[in-house]
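Trainee: There's a structure below that I have some questions on.
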Amino acid sequence: MDTTPELRAVFTPAGRLRASINLGNPILAGRNAAGEPAGVSIDLAREFARRLGVELELVVFDTAGKSVDAVTAEEADIGFFAVDPVRGAGIAFTAPYVLIEGAYLVKDDSPLQSNDEVDRPAHRVAVGKGSAYDLYLTRELKHAEIVRAPSSPAVVDTFLEQGLEVAAGVRQQLESDAQRLSGLRLLPGRFMVIRQAMGLPKGRDARAAALLSAFVEDMKASGFVADALARHGIQGASVAPAEPRD
């Protein structure tokens, strides 16, 4: 990856590459046995810093909303986000590198059997505050009430504590919670597909956005993303297809 000192400086106004990491999405990031951040996002951040030839600093958050705010406010230089038009006001996104399914969870005795039954006036849906699911369902649900949990990992606990009808989030997180707790089941299929991308503050040089986009395409084409998913034991997420060339 050919870069000039000027372009490296665009990515490192603080003298190092600050990568915003959201630990609220278990598909992309978490903590390893030593308590250190680990996952696909961290692997990509390290490889990008290596190619730039700069020092990497991981700026770790527990929710997507905080991670988005850090990059929008230029308190971080790159981040890993679900593509969403609301977030796009302050962040320049690459094409997606991973596709993730969003699913609904209900109690075993719930009368709900399909995703299209969720949006009813009597239903309350738990979702992680500021997550891609929150943004999407805020636009799409016309009748059901949204109840925002403090973070995506807290969605099912909030759902149970408040006696809500539905929990929404990353399929893998919900499956893990259903195994951890009894009496829960996922509705079949998915209600949305998350397009997970990298991004940088929108005000940065357009050449920086182009370089980051090219990096993501190379990471998909080279097998880096697929290898990272396999290495971290991630199932249910797929490598996004290559972006068509002009």
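Trainee: Under 8 Å between Cβ atoms, which residue pairs at least 6 apart in sequence (or on different chains) link something in the stretch 55-72 that is farther than 8 Å from residue 130 by Cβ with a partner that is of a type in the set (Phe, Trp, Tyr)?
Mentor: These pairs meet every condition: 67/61; 67/80; 67/81; 70/61; 71/81.
Trainee: Let me ask you something else. Quick one: residue 237 ticks every box in (1) at pLDDT below 95; (2) out of contact with any strand residue (DSSP E or B) (no Cβ under 9 Å at 6 or more places or on another chain) bar one, so which box is it?
Mentor: Against the list (1) at pLDDT below 95; (2) out of contact with any strand residue (DSSP E or B) (no Cβ under 9 Å at 6 or more places or on another chain), residue 237 comes up short only on (2).
Trainee: List the number of the failed condition for residue 138; all other conditions in (1) assigned to a loop (DSSP other than H, G, I, E, B); (2) surrounded by fewer than 18 Cβ atoms within 10 Å (Cβ to Cβ) hold.
Mentor: Evaluating residue 138 over (1) assigned to a loop (DSSP other than H, G, I, E, B); (2) surrounded by fewer than 18 Cβ atoms within 10 Å (Cβ to Cβ) leaves (1) as the failure.
Trainee: Please find, among 36, 75, the residue that is open to solvent by 60 Å² or more (accessible area, probe 1.4 Å), assigned by the TED database to the domain that holds residue 228 and modelled with pLDDT of 95 or more.
Mentor: 75
Trainee: Kindly indicate whether any position in the stretch 63-70 is modelled with pLDDT under 95, over 19 Å from the mean Cα position of the chain (by Cα) and within 24 Å of residue 178 (Cα to Cα).
Mentor: no
Trainee: Would you mind finding the one in 190, 195 that is part of a loop (DSSP other than H, G, I, E, B) and basic (Lys, Arg)?
Mentor: Of the residues listed, the single one that is part of a loop (DSSP other than H, G, I, E, B) and basic (Lys, Arg) is 190.
Trainee: Condition test on residue 174, is it surrounded by 20 or more Cβ atoms within 10 Å (Cβ to Cβ), out of contact with any Pro (no Cβ under 9 Å at 6 or more places or on another chain) and more than 30 Å from residue 11 (Cα to Cα)?
Mentor: yes
Trainee: Within the stretch 147-167, can you find the residues that are touching a helix residue (DSSP H, G or I) at 6+ places or on another chain (Cβ under 7 Å) and buried (at least 24 other Cβ atoms within 10 Å of the Cβ)?
Mentor: Answer for the stretch 147-167, where residues must be touching a helix residue (DSSP H, G or I) at 6+ places or on another chain (Cβ under 7 Å) and buried (at least 24 other Cβ atoms within 10 Å of the Cβ): 149, 152, 167.
The values are calculated or read from the model by the stated rules, or taken from the named source; none is laboratory data. What you see is a predicted model, and the numbers here were worked out from it, not measured in a lab. Cβ sites come from the backbone with ideal geometry, for glycine too, and all protein chains shown count toward neighbours. Surface accessibility is based on the protein's heavy atoms, side chains included, excluding ligands, DNA and RNA. Shrake-Rupley method; radii C 1.70, N 1.55, O 1.52, S 1.80 Å.
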